[in-house]
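The structure under discussion appears below in the form of structure tokens.
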Amino acid sequence: MPSYAGAKQAIEARLRANWTTTTVAVPNPTTEQTALVKTRDAEGETIPWVYLEIADAGSAQIGVGRPGDQLWVYDGLINVHVFVPDGSGTADAEAYADQIGDIFRAARFYADTPGFEVRCGSPRVSDAGSGSDDGLWYRVTATIPFEYFHRG
């Protein structure tokens, strides 16, 4: 049965399936996921990468009905932080953030079961600045609002 946890996994899966330009890091990664994250090339030079973060913003009942057949909506934000080597300019970071935003722009997915669905809104690119305390990274963030609809 679909769930909010499943919706978050579907968001990650959508990003991974449609973004192959850089590696994707996630919070609390598995050992296998950690091994896939590359922030340096074979010569040891820093290379671009992205970090997916899903922020929860609450939920509310939006439909009436008998228990088990009511409509609930969960609100949240998909934040994909794009990291490029410090001193490499802003063009790549902003272009990557735009492209990632387009992966989710007005997208509807995780809808195999009637009454359950993730719906994404309009992305924005913001929060440019230092990406680390060590001075190695410049960061730009693509933020996409989403709603997860759950009948239950």
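Numbers for the structure displayed
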{"quantity": "Listed values (i) 1.16; (ii) 1.02; (iii) 1.43, entry calculated as Cα Rg over 2.2 N^0.38 Å", "calculated": "(i)"}
{"quantity": "The chain: relative contact order in percent, alpha carbon pairs under 8 Å with at least 6 residues between", "calculated": "24 percent"}
{"quantity": "Nearest-20 debye value, the chain charge dipole, Cβ charges on Lys, Arg, Asp, Glu", "calculated": "660 debye"}
{"quantity": "Ranked by how many other beta carbons lie within 10 Å on average, peptides 111-122, 54-65 from highest", "calculated": "111-122, 54-65"}
{"quantity": "Integer Hz, Karplus 6.51/-1.76/1.60 couplings in order for the range 114-123, x for Gly and Pro", "calculated": "x, x, 10, 5, 9, 10, 9, x, 8, x"}
{"quantity": "Rounded to 10°, Cα long-axis angle of helix 91-104 versus longest principal axis of the chain", "calculated": "20 degrees"}
{"quantity": "Antiparallel DSSP beta bridges within the chain, percent to nearest 5", "calculated": "95 percent"}
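Throughout, read-outs are computed from the coordinates displayed, never taken from laboratory work. Bear in mind that the values here come from a model prediction, so they are computed numbers and not experimental data. Neighbour counts run over all protein chains shown; Cβ positions are idealised from the backbone, glycine included.
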